[in-house]
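What follows is one structure encoded as structure tokens, with my remarks underneath.
The values are calculated or read from the model by the stated rules, or taken from the named source; none is laboratory data. Since the structure is predicted, the reported quantities are computational estimates derived from the model, not experimental observations. Backbone-built Cβ (ideal geometry, glycine too); neighbour counts: all protein chains shown. Calculation scope for accessible area: heavy atoms of the full protein, side chains included, ligands and nucleic acids excluded. Shrake-Rupley method; radii C 1.70, N 1.55, O 1.52, S 1.80 Å.
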Amino acid sequence: MRDLDDEIPAAIRTLKQLYRHTGRAYILGVTGAPGAGKSTLVNRITTHLRKRGRSVGIVAIDPTSPYSAAPSSATGSRMQQHALDEGVFIRSLATRGHLGGLSRSTIDIVNVMDAMGKDVILIETVRRGAG
């Protein structure tokens with residue numbers, strides 16, 4: 001999925017082909033100030049959904065410096081209990097300096113997870129202006 005962040009032409013073509021397989025997942029966004037318990041909530045929702053046999057995609061978005069693509073915190077690592085669960089797919093994204101708490105490629109990643117057949121996709125991000 002790295003190609004999606006970099007807007008590689010082949011990735012864009014692939015997204016266009018995948019798009020017809022989207023529209024089935026339930027998408028839920030979780031946002032708030034740093035330390036508000038977003039990761040804990042996402043973790044518990046994921047546990048609840050998995051106990052009911054639902055597959056889950058998690059997009060964990062971290063604020064970053066506009067000069068670095070590296071997330072400022074390891075949001076994905078907070079979900080370690082689900083890391084080996086084949087029914088859970090976790091993707092950590094950096095905002096790469098984009099305002100609003102979302103990465104430029106967030107919707108593309110969500111569409112890929114939807115096309116993968118994830119039942120629920122959770123997007124976790126720090127709200128704009130927080131922290």
Exercise. Checking Gln80 against (1) open to solvent by 30 Å² or more (accessible area, probe 1.4 Å); (2) touching a strand residue (DSSP E or B) at 6+ places or on another chain (Cβ under 9 Å); (3) modelled with pLDDT under 85, which single condition isn't satisfied?
Worked result: (2)
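Scan region 7-23 residue by residue and report those that are part of a helix (DSSP H, G or I) and of a type in the set (A, V, I, L, M). Show your work before the answer.
Taking region 7-23 first, the residues part of a helix (DSSP H, G or I) are 9-21.
Selection gives Ala10, Ala11, Ile12, Leu15, Leu18.
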Seminar exercise, completed: Pairs returned, first residue in region 7-28 that is surrounded by 12 or more Cβ atoms within 10 Å (Cβ to Cβ), second residue that is modelled with pLDDT of 85 or more and small (Gly, Ala, Ser), beta-carbon separation under 7 angstrom, 6 or more apart or interchain, are Leu18/Ala115; His21/Ala115; Thr22/Ala115
Problem set entry | Residue within region 113-128 that is modelled with pLDDT of 90 or more, part of a loop (DSSP other than H, G, I, E, B) and surrounded by 19 or more Cβ atoms within 10 Å (Cβ to Cβ) present | yes
